[in-house]
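Report on the structure given below.
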């Protein structure tokens, strides 16, 4: 039985036109649903919940091929950076190998 991989992409977003938390949450919901719909990722706002013009969103994807996941991570990054409603002001990527025994083996490929 082979190992699997988990890829994560976390981005800090600046939403300059967001006038309220309600506006921000509407945009974050649009982004997280888009990540699910377009890339099959699990996605959530994970930080800056109480700031109206800032959000951190993390998306996660799983697969058996790290190069395929790397390609998918690149596509997620391009999609996020192409959105004109917000600016990506920080981005973190990671691909983690999950060992044959079902546990994490500590090998991670990280890029910023």
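Figure the gain on full extension for residue 71 and residue 36 (residue separation times 0.36 nm, minus the Cα-Cα span) and round it to one decimal in nm. List each step's numbers first, then the result.
Values: separation 35, 0.36 × 35 = 12.60 nm, distance 1.62 nm.
In short, 11.0 nm is gained.
Expressed as a whole number of Å, what is the distance separating the alpha-carbon centroids of the range 4-44 and the range 85-99?
Measuring centre to centre over Cα atoms gives 12 Å.
To the nearest 10 degrees, how steeply does helix 21-39 sit against the main Cα axis of the chain, on a 0 to 90 scale?
Compared with the principal axis, the helix lies near 30 degrees.
When only Cα pairs under 8 Å and 6 or more residues apart are kept, what is the percent relative contact order across the chain? Walk me through the numbers on the way to the answer.
Values: 216 pairs, mean separation 43.9, N = 112.
Result for the chain is 39 percent.
Do the sum for the chain: with -39,500 (n - 2.57) for every DSSP H run of n ≥ 4, divided by all residues, what is the mean residue ellipticity at 222 nm, to the nearest 500 deg cm²/dmol?
Working: 2 runs with 36 residues, N = 112.
Taken over the chain, the calculation gives -11000 deg cm²/dmol.
For the chain, take the longest principal axis of its alpha carbons; what is the angle in degrees between that and the long axis of helix 66-82, to the nearest 10 within 0 to 90?
10
Among (i) 16.6; (ii) 14.6; (iii) 13.7, which is the computed Kirkwood radius over Cα pairs in Å?
Entry (ii).
Laboratory data are not the source of any read-out in this text; all were calculated from the coordinates shown. Note that this is a predicted model, so its numbers are computed, not measured.
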